[in-house]
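To keep things clear, I will list the structure first and then write my remarks on it.
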Amino acid sequence: MTSSPIPGADHPTTQLPAAPRPRHAPKPVLPERAEDLPQTGPSHAGPSSARARRAKAREGRSPAFLWLKEVATVVVIAVVLSFLIKTFLFRAFYIPSESMMNTLDVNDRIFVNLLVPEPIAMQRGDVVVFRDTKGWLVPTSTKPAGPFTGVQDALTFVGLLPDNSEQHLVKRVIGLPGDHVVCCDGSGRLSVNGQPLDEKYINSAEVPQVRNFDVVVPAGKVWVMGDNRNHSADSRAHMESNGGFIDVADIEGKAAVIAWPLNRITALDNYPDVFRGVPAAGK
């Protein structure tokens with residue numbers, strides 16, 4: 001009796017059964033962020049590659065170039081902001097005369113609020129800067145252009161330098177349109193609409209000289225005087241021309257702050273107490 005061989009027992013290529021698969025295979029770990037997924041597209045398709053290109057581009061620039069770029073950006077922003085402020089809010093002016101001492105000294109730099117007289121209403125006592133359209137100032141000869149004249153003009157235009165063109169004046173508003181302004185009573189005081197004024201802002205170093213006048217301010221105009229009464233060619237000195245009045249349309253704005261020199265930085269007062277008792281015009 002012969003036995004039959006076990007199939008595959010002596011065959012060298014016989015394969016063993018595969019090992020059993022674990023019942024609970026571990027799940028593959030997925031990246032938390034989309035940018036961490038393997039990039040299957042072209043090398044320029046993902047956001048990480050864009051950041052890499054920008055970083056590589058920065059690495060190719062010198063630190064001096066990056067520093068100059070930052071400085072230029074800051075300068076451009078400063079110039080634009082200064083121009084917008086000078087155009088719509090504030091403007092710097094230079095004080096060349098003593099007519100407003102001791103409120104303003106010669107060589108003071110002031111900031112003028114351009115929102116006065118519109119849209120903010122002007123008040124008695126405001127110190128205002130106005131254009132000389134009535135010929136109050138002595139004509140000045142044109143100064144020869146220097147090596148930095150163009151630069152100074154440009155800085156003045158954008159508001160980084162004060163306007164020192166000497167074509168503007170600064171005075172205090174005493175009479176508004178319709179006001180009746182008279183000088184002087186027995187005590188040497190001005191009166192507005194019949195109310196005598198105790199003018200606390202006048203330069204106390206000298207007793208003001210009396211210059212008699214009696215005026216009613218026309219519509220669209222104001223009556224102005226300097227705080228240094230004996231040294232101010234104000235409305236009193238120009239009554240033969242336009243009655244001494246200035247046009248509201250010529251007013252650049254209200255002087256709000258002394259900005260320079262540093263030891264004189266202060267806000268300017270319009271002394272509301274001086275004018276509080278003044279009745280409205282026509283009453």
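Couple of notes before you dig in:
- Summed over the stretch 116-141, residues that are in contact with a Phe, Trp or Tyr (Cβ under 8 Å, 6 or more places away or on another chain) and closer than 14 Å to V257 by Cβ total 1.
- Failed condition for E240, given (1) at pLDDT below 95; (2) farther than 17 Å from G135 by Cα: (2)
Rundown of residues vs (1) modelled with pLDDT under 90; (2) part of a helix (DSSP H, G or I); (3) surrounded by 11 or more Cβ atoms within 10 Å (Cβ to Cβ), yes/no style:
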| site | (1), (2), (3) |
| --- | --- |
| W136 | no, no, yes |
| A145 | yes, no, no |
| E166 | yes, no, yes |
| D214 | no, no, no |
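- Qualifying residue in the stretch 176-189 (condition: open to solvent by 20 Å² or more (accessible area, probe 1.4 Å), charged (D, E, K, R) and at negative phi): yes
- Selection status of D153, at pLDDT 95 or above, open to solvent by 40 Å² or more (accessible area, probe 1.4 Å) and outside any strand (DSSP E or B): no
The values are calculated or read from the model by the stated rules, or taken from the named source; none is laboratory data. Keep in mind the model is a prediction, meaning the values are calculated, not measured. No Cβ is skipped: glycine too gets one built from the backbone with ideal geometry, and neighbour counts run over all protein chains shown. Surface areas here come from the heavy atoms of the whole protein model, side chains and all, with no ligands, DNA or RNA. Shrake-Rupley method; radii C 1.70, N 1.55, O 1.52, S 1.80 Å.
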